[in-house]
Each structure stands twice: as C-alpha cells, then as structure tokens.
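Asker: Here you go, one structure.
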Amino acid sequence: MNTERIEKLRKEWEAEEKIAHIHGWDFSHIHGRYDEEDNLPWDYKQIIEEYLTDDMKLLDFDTGGGEFLLSLGHPYKNTAATEGFPPNVELCKETLLPLGIDFKPCDDEKSIPYADGSFDIFINRHGSFDPKEAYRLLKPSGVFITQQVGGRNDRDLVEMVLPDASKPDLELELAVQRKRFEEAGFTIIRAEEAFRPIRFYDVGAFVWFAHIIEWEFPDFSVEKCMDGLLRMQEVIDKTGAVEGTIHRYLIVAGK
C-alpha cells in the first residue's frame with residue numbers, strides 16, 4: 001500500500017474517530033457498513049412477546065435510550081424502565097417520562113428503586129443485572145428474560161488491533177450465569193448460547209464502532225492501532241469485509 005493511500009486512509013479514520021459518539025443506542029451512523037446479530041438462533045423480542053400481555057407490569061433495566069422498550073408497544077401505564085449512563089438518562093427523561101412510563105435513573109443492578117414483587121416481567125438486553133435483585137423485584141411466577149453479550153465477544157477483532165488487551169471475562173459465559181440464576185432461586189426455562197459473525201465493510205465503520213464500544217477496545221485510537229487497521233484494510237481490499245465473532249447468550253428464568 002503506497003504512502004499516499006495510507007495518509008488518505010489515516011485522515012478518513014481520524015475523522016470517524018473525531019465524530020464517534022452515540023445518542024441512546026443508535027448505530028445508524030454505520031448502518032449498511034457493518035452487519036451483526038442478523039442470524040441469532042432466537043428472536044429476543046419474539047420471546048418477550050410470548051410471555052407479555054397488556055395487563056402485566058414490565059421493567060426494562062438498562063434501557064439505553066428506550067428504543068427497544070418502545071418497540072414492544074406495551075401499555076405505558078404498565079411499563080417501567082431504568083438507565084444509568086448520564087446522557088441516556090437525560091434522553092429517557094425527555095422521551096419516556098412524558099409518555100407516562102415509570103422511568104427512574106439507576107446505575108446499580110444490586111439496588112433497583114422499586115418495591116419487592118413489583119413486576120411480572122423483567123427484561124434486560126446487553127445490560128448489567130443481578131439475579132438476586134431480579135428475583136426480589138418479580139412477582140410469584142414472574143419471568144426474567146435477558147440477551148447478553150458474552151465474554152468472548154469481538155475478541156478476534158480486539159486482538160487484530162490491540163494484541164496486548166486483557167483476556168476475556170470468563171464470568172460472562174452461559175454456564176456461569178445459569179448457575180447464578182439457579183442459586184438465586186430461579187428455574188431456568190430456556191438457556192442458549194451462540195457465536196455468529198460480525199462483518200465490517202470499511203475500516204472507518206470499525207473505527208467508529210471501536211470508540212463506541214470502548215469497554216471492549218480499551219485505549220483504542222487510530223494512532224495507536226494504525227498497523228492493525230491497515231491489515232484490516234488489506235483484508236477488505238481482498239475479500240470485501242473484515243470479519244470477527246460475536247458471543248451472545250439468552251436466559252429465560254422463572255420465579
């Protein structure tokens with residue numbers, strides 16, 4: 001790759017780095033430039049809808065900007081949500097509270113500000129959770145439904161650009177988390193794990209993504225990771241995409 005092209009790519013990637021931010025959980029900036037979660041063996045939303053009826057009390061913990069929650073179309077009077085990331089807290093105050101949704105700021109999964117036995121359904125997608133606290137908040141026969149990012153998520157991509165990054169969190173595995181739910185008193189209704197491809201069709205999209213998912217790509221920068229990014233570009237030039245692996249698991253647990 002010649003020097004002129006390298007410098008052109010560097011400027012493009014630094015521009016993506018500079019604008020990398022997120023509003024709620026909105027990845028529209030790289031829509032069409034990457035793909036993930038398009039072939040999981042379960043449909044998280046469909047699973048929730050199998051259990052949820054309009055008269056049930058629903059809690060979405062770590063709701064992000066409330067985008068997924070609102071897509072469920074559940075009666076607002078029976079809907080509650082929490083969020084702890086400050087920019088998203090403000091977004092939820094603007095979007096959820098005016099609808100009549102019982103939104104409360106919370107960044108501690110072990111101390112959620114609702115009374116014992118408040119909810120029929122407790123959902124959590126890619127957020128933190130504590131099985132004991134979930135058990136406390138659910139009514140008898142209540143259901144906890146979560147789709148989570150596993151500890152081996154994106155590891156191949158991380159290692160492409162940050163070869164010295166710390167090892168995956170071995171706690172974030174289905175077998176470990178299933179045991180935690182059982183110890184909290186839950187009955188496991190469904191438990192599945194999946195590894196699927198994530199593909200980036202241009203390196204700029206990956207740069208934006210790595211900055212947003214900063215907990216997976218600690219200390220990532222174009223300057224620090226330039227050699228790895230150039231290797232990614234060479235793969236894209238040859239094959240059309242650079243591919244990694246996502247790690248997801250699903251737990252449906254009954255009280």
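Asker: As an exercise: evaluate T79 against (1) loosely packed, with under 14 Cβ neighbours inside 10 Å; (2) within 23 Å of G254 (Cα to Cα) and give the number of the one condition it does not meet.
Answerer: T79 satisfies every listed condition except (1).
Asker: Looking at the structure I just gave you, is E16 buried (at least 18 other Cβ atoms within 10 Å of the Cβ) and more than 17 Å from the chain's Cα centre (by Cα)?
Answerer: When the stated conditions are applied, E16 passes them.
Asker: Please go through the range 115-131 and pick out each residue that is under 17 Å from G66 (Cβ atoms) and buried (at least 19 other Cβ atoms within 10 Å of the Cβ).
Answerer: F119, I121, F122, I123, N124, R125, G127
Asker: Give me the pairs, please: first residue somewhere in the range 192-218 and under 27 Å from L174 (Cβ atoms) and modelled with pLDDT of 95 or more, second residue anywhere and in a strand (DSSP E or B) and among the polar types (S, T, N, Q), beta-carbon distance under 9 Å, and either six or more positions apart or on two chains.
Answerer: Sorted first by the residue in the range 192-218, then by its partner, the pairs are F195/T245; R196/T245; P197/T245; I198/T245.
Yes or no, residue by residue, for (1) touching a helix residue (DSSP H, G or I) at 6+ places or on another chain (Cβ under 8 Å); (2) over 29 Å from I123 (Cα atoms); (3) buried (at least 18 other Cβ atoms within 10 Å of the Cβ):
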site: A175; (1), (2), (3): no, no, no
site: V203; (1), (2), (3): yes, yes, yes
site: D219; (1), (2), (3): no, yes, no
site: M226; (1), (2), (3): yes, yes, no
site: A253; (1), (2), (3): yes, no, yes
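Asker: For F61, only one of the following conditions fails: (1) in contact with a Cys (Cβ under 8 Å, 6 or more places away or on another chain); (2) exposed (fewer than 12 other Cβ atoms within 10 Å of the Cβ). What is its number?
Answerer: So the condition that F61 fails would be (2).
Asker: Check the range 38-56 and report whether any residue there is of a type outside the set (A, V, I, L, M, F, W, C), part of a loop (DSSP other than H, G, I, E, B), in contact with a Gly (Cβ under 9 Å, 6 or more places away or on another chain) and in contact (Cβ under 8 Å) with a residue 40 or more places away in the chain.
Answerer: Taking every residue of the range 38-56 in turn, none turns out to be of a type outside the set (A, V, I, L, M, F, W, C), part of a loop (DSSP other than H, G, I, E, B), in contact with a Gly (Cβ under 9 Å, 6 or more places away or on another chain) and in contact (Cβ under 8 Å) with a residue 40 or more places away in the chain.
The values are calculated or read from the model by the stated rules, or taken from the named source; none is laboratory data. Here the structure is a predicted model, which means the values were calculated and not measured. Note that each Cβ is placed from the backbone with ideal geometry, even for glycine, and that neighbours are counted across all protein chains shown.
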